[in-house]
């Protein structure tokens, strides 16, 4: 079963677990965790829930790994109506299994799919109240939710808190905050977060779109400055084109020619 988990063969892992339940060798929580992890990796949340329910009916006590696998599977697979992740989390408390940061990160993943920024901030607060140390995944996920919900003020506030907490913001976290500001036409705030040294293609494109709301010449200057470090893609050139159109420079000052020349 462990080999099946590592090989992403969730069907065989579940089959072997079923054979154990039907035979003389009854599975323990370690065997259950192997099957749950395989299902979580394959995004088979329905099967993971069936395994968990069957284990509860057989009085198998789930441990922290079991619950983390279950919630992780639910965070990426369940629909927007059901909240099975919360029910599993409540069952976890009933069985006095203390959650860890991985548990909360999985719950935050479900918030990402729902763009549920208020719940994401509540989970972050609960992590801290539980005496746990949020990691980069925790903050990055919360910022991604705030980006989706267009909560730019809260995104900037959270990003500003990271240095005081001894956390260096990841590129993904900065990208989420930049994108959130750019969508709200806050191009100056977005550019203030841009770090040319640590920039990747996503932050580069966000900076291009942000600059496009101000000056098309600034867009071309940034493109030239970053050329040795980042290769533009179709989104980069679309941002440049949008900037030229918005500034009404196309055709009148050779904007189209400048774009083709790039």
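Residue 173 passes every criterion in (1) surrounded by 14 or more Cβ atoms within 10 Å (Cβ to Cβ); (2) over 30 Å from residue 120 (Cβ atoms); (3) at pLDDT below 85 apart from (2). Note on the stretch 208-262: enclosed helices (runs of 4 or more DSSP H) holding 3 or more residues that are modelled with pLDDT of 85 or more are 216-226, 234-246. Only a single item in (1) under 14 Å from residue 70 (Cα atoms); (2) over 24 Å from the mean Cα position of the chain (by Cα) is not met by residue 19, and it is number (1).
Conditions (1) surrounded by 15 or more Cβ atoms within 10 Å (Cβ to Cβ); (2) modelled with pLDDT under 90; (3) within 20 Å of the chain's Cα centre (by Cα); (4) closer than 23 Å to residue 145 by Cβ, marked per residue:
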{"position": "58", "(1), (2), (3), (4)": "no, yes, no, no"}
{"position": "92", "(1), (2), (3), (4)": "yes, no, no, yes"}
{"position": "98", "(1), (2), (3), (4)": "no, no, no, no"}
{"position": "103", "(1), (2), (3), (4)": "yes, no, yes, yes"}
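Among the residues of the stretch 180-190, write down those that are in contact with a helix residue (DSSP H, G or I) (Cβ under 7 Å, 6 or more places away or on another chain), assigned to a helix (DSSP H, G or I) and either under 19 Å from residue 117 (Cβ atoms) or not assigned by TED's automatic domain parsing to the domain that holds residue 141 (or both). If the condition is that a residue be in contact with a helix residue (DSSP H, G or I) (Cβ under 7 Å, 6 or more places away or on another chain), assigned to a helix (DSSP H, G or I) and either under 19 Å from residue 117 (Cβ atoms) or not assigned by TED's automatic domain parsing to the domain that holds residue 141 (or both), then 180, 181, 182, 189, 190 are the ones that fit.
Give the residues of the stretch 35-46 that are more than 23 Å from the chain's Cα centre (by Cα) and either without any contact (Cβ under 8 Å) to a residue 24 or more places away in the chain or surrounded by fewer than 23 Cβ atoms within 10 Å (Cβ to Cβ) (or both), sorted by residue number. Selection gives nothing.
Would it be correct to say that residue 177 is closer than 26 Å to residue 44 by Cα and either in contact with a helix residue (DSSP H, G or I) (Cβ under 6 Å, 6 or more places away or on another chain) or part of a helix (DSSP H, G or I) (or both)? It would help to see each step written out before you state the result.
On the way: closer than 26 Å to residue 44 by Cα: no; either in contact with a helix residue (DSSP H, G or I) (Cβ under 6 Å, 6 or more places away or on another chain) or part of a helix (DSSP H, G or I) (or both): yes.
So residue 177 fails the test.
Annotation note: of 220, 191, the sole residue that is surrounded by fewer than 20 Cβ atoms within 10 Å (Cβ to Cβ) and farther than 28 Å from residue 141 by Cβ is 220. Need the failing condition index for residue 3 against (1) at negative phi; (2) touching a residue at least 12 places away in the same chain (Cβ under 8 Å), just the number. Tallying (1) at negative phi; (2) touching a residue at least 12 places away in the same chain (Cβ under 8 Å), residue 3 fails exactly one: (2).
Quick check: anything in the stretch 52-66 touching a residue at least 24 places away in the same chain (Cβ under 8 Å) and under 30 Å from residue 158 (Cβ atoms)? The answer is yes; a qualifying residue exists.
The values are calculated or read from the model by the stated rules, or taken from the named source; none is laboratory data. Not measured: the values here are computed from a predicted model. Virtual Cβ from ideal backbone geometry, glycine too; neighbours counted across all protein chains shown.
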